[in-house]
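Peer 1: Take a look at this one; I'll ask things after.
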Amino acid sequence: MAKKIMIIDDDPNIVTYLEDIFHDAGYATCKAMDGADALAVVNQEKPDLITLDLEMPKEWGPRFYRELSQDKVHGSIPVIVISGLAGNKYAIQKAVASFTKPFDRAELLKVIKETIG
């Protein structure tokens with residue numbers, strides 16, 4: 001069974017682009033358009049890794065991450081930040097990696113492969 005990556009981003013173009021990258025690399029995907037809906041999707045889909053935008057309507061990525069990290073079942077899911085905000089590597093210090101949009105596709109896939117295979 002393919003490992004599953006959850007994409008949390010409010011930009012549908014970014015979501016589609018990431019889905020294409022991950023599917024081409026053999027991963028399954030699920031998505032949430034903002035942090036407010038993301039925990040429900042995590043509980044339902046049980047992803048192996050999460051890519052997280054920081055700036056979204058309703059609930060920002062760091063707030064979602066705080067809630068996720070307190071979840072006893074899913075709190076250990078690795079997170080990769082993908083954001084247009086400068087200095088994003090400091091927003092979630094326990095993130096596996098942080099990428100600024102636009103990002104290098106090959107580098108992102110390398111980090112994912114090192115993290116979840």
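A short reminder: the numbers here are calculations on the coordinates, not readings from a lab. Everything numeric here is computed off the predicted structure, so don't read it as measured data. All Cβ positions, glycine included, derive from the backbone under ideal geometry; neighbour counts span all protein chains shown.
Peer 1: Charges on Cβ only, +1 for Lys and Arg, -1 for Asp and Glu, centred on the Cα centroid of region 4-111; of 6, 25, 77, which one is farthest towards the dipole's positive end?
Peer 2: Checking the options against the dipole of region 4-111, the answer is 77.
Peer 1: Continuing with this model, one more query. Please arrange 19, 114 by counting, for each residue, the other beta carbons lying within 10 Å of its beta carbon, fewest first.
Peer 2: Fewest-to-most Cβ neighbours within 10 Å comes out as 114, 19.
Peer 1: Compute the normalised compactness of region 1-52: alpha-carbon radius of gyration over 2.2 N^0.38 Å, N being the residue count. Mind dumping the intermediate values first?
Peer 2: Numbers: Rg = 10.2 Å, N = 52, 2.2 N^0.38 = 9.9 Å.
That works out to 1.03 for region 1-52.
Peer 1: Stretch residue 116-residue 23 to full length: gain in nm at 0.36 nm per residue minus the Cα-Cα span?
Peer 2: Gain on stretching residue 116 to residue 23: 32.0 nm.
Peer 1: Using helices alone, what [θ] at 222 nm do you get for the chain, with -39,500 (n - 2.57) per DSSP H run of 4 or more residues, divided over all residues and rounded to the nearest 500?
Peer 2: Theoretical 222 nm ellipticity from helices: -11500 deg cm²/dmol.
Peer 1: Sticking with this structure for a sec: So what's the chain giving for Rg/Rh, alpha carbon basis, Kirkwood Rh from the mean inverse pair distance?
Peer 2: Taking Rg over the Kirkwood Rh, I get 0.91.
Peer 1: So which aspartates and glutamates can residue 113 reach, going by Cα to Cα under 19 Å and dropping same-chain residues fewer than 8 places off?
Peer 2: Here the aspartates and glutamates satisfying the reach criterion relative to residue 113 are 19, 20, 24, 48, 104.
Peer 1: Mind checking which of 16, 62, 40 is farthest towards the positive end of region 4-111's charge dipole, using Cβ charges of +1 (Lys, Arg) and -1 (Asp, Glu) about the Cα centre?
Peer 2: 62
Peer 1: Something else: Lysine pairs in region 4-111 with alpha-carbon atoms under 15 Å apart, 8 or more places apart or on different chains: how many are there?
Peer 2: 5
Peer 1: Okay, moving on. Rank these for me by crowding, 56, 33, 1, going from fewest to most other beta carbons within 10 Å.
Peer 2: Arranged by neighbour count, lowest to highest, 56, 33, 1 become 1, 33, 56.
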